[in-house]
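Here is the structure we will look at, set down as structure tokens.
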Amino acid sequence: MRLIIFDIDGTLVAGASSEARFARFLWQQGALGLRQLAAFAWFTLRYLPRFGRHVMQKNKAYLSGHSERHIAALAQRFVADVLPEVLSPAVIERLRHHQQAGDRVVLLSGTPQFIADALAEALDVREAIGARCCTENGVFTAAPPRRHPYGPTKIDAAETLAAHAKLPLDEAVAFGDSINDAYLFRVVGEAIAVEPDRRLSREAAGAGWEIITGAAPPTA
């Protein structure tokens, strides 16, 4: 048995990120109003000096004012109704192969935890780690996330997953699409770049990592 780590955005989910799609879904459901849009804009201005080019990945303020329960329910509907059309068949096939082989499959992503959890449940994956958004008394706030697995911090999250599964990280397999996944790729036993961006493609070629192309669904 090995630990198999799947990124979500750009890997399992082709094209636009699951979070961007979820924000659009919230808008369509009437769950994004002036309060959320203003909070999102203010977060960008306030935290740009702190987070720089990563400020948009850190910005979860569009959730502010909504209860965790309500957003979790909407996430379940979103994953059931929207995501199936944009999941990568090639990557899902690899995920199913590892499940059938008895490997410990997990999801690790910067997408919010409620999306990661709903997708894990839909794919019959036992565990997922996503961004832990800030809440107070069960209601989302406009503060930065308490946890955000992104870039080098994915290594910490992967170590937590490996310890929980009691499986060595240096024998794990990781799937990802971005140069930000290269940090994790360097500490696992096998790395697989899915539709990699230009920088990851170059690094994958140099390191001898497997590259999957043509993985996006036709409708993405």
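Some points to look at:
- Criterion (surrounded by fewer than 17 Cβ atoms within 10 Å (Cβ to Cβ) and within 19 Å of Phe6 (Cα to Cα)) met by exactly one of Gly102, Gly65, Gly130: Gly102
- In region 26-82, residue nearest to Leu12 (Cα to Cα) [restricted to those that are of a type in the set (A, V, I, L, M) and not in a helix (DSSP H, G or I)]: Val82
- Residue tally, condition touching a Lys or Arg at 6+ places or on another chain (Cβ under 9 Å), of a type in the set (A, V, I, L, M) and over 12 Å from Ser109 (Cα atoms), over region 163-188: 6
- The listed residues are Gln36, Gln29, Gln57, Gln76, and the only one of them that is at pLDDT 95 or above and either over 29 Å from Leu123 (Cβ atoms) or among the polar types (S, T, N, Q) (or both) turns out to be Gln76.
- Residue in region 93-103 that is more than 17 Å from the chain's Cα centre (by Cα), within 20 Å of Leu184 (Cβ to Cβ) and not in a helix (DSSP H, G or I) present: yes
- Some residue of region 189-198 being touching a Lys or Arg at 6+ places or on another chain (Cβ under 8 Å) and surrounded by fewer than 22 Cβ atoms within 10 Å (Cβ to Cβ): yes
- Residue in region 39-62 that is least open to solvent (accessible area, probe 1.4 Å), counting only those that are under 18 Å from the mean Cα position of the chain (by Cα) and among the polar types (S, T, N, Q): Asn59
- So Pro149, is it on the phi < 0 side of the Ramachandran plot, open to solvent by less than 30 Å² (accessible area, probe 1.4 Å), touching a Phe, Trp or Tyr at 6+ places or on another chain (Cβ under 7 Å) and assigned to a loop (DSSP other than H, G, I, E, B): no
- For region 152-164, filtering for residues that are open to solvent by 20 Å² or more (accessible area, probe 1.4 Å) and in contact (Cβ under 8 Å) with a residue 12 or more places away in the chain leaves 4.
- Candidates Glu85, Glu19 - the one that is among the acidic types (Asp, Glu), in a helix (DSSP H, G or I), within 25 Å of Thr160 (Cβ to Cβ) and touching a residue at least 12 places away in the same chain (Cβ under 8 Å): Glu19
- Out of Leu87, Leu123, Leu167, one residue alone is surrounded by 15 or more Cβ atoms within 10 Å (Cβ to Cβ) and over 17 Å from the mean Cα position of the chain (by Cα). It is Leu167.
The values are calculated or read from the model by the stated rules, or taken from the named source; none is laboratory data. Note that the structure is predicted; figures quoted are calculated from it, not measured. Please note: Cβ atoms are built from the backbone with ideal geometry, for glycine as well, and neighbour counts cover all protein chains shown. With ligands, DNA and RNA removed, areas are computed over all heavy atoms of the protein, side chains included. Shrake-Rupley method; radii C 1.70, N 1.55, O 1.52, S 1.80 Å.
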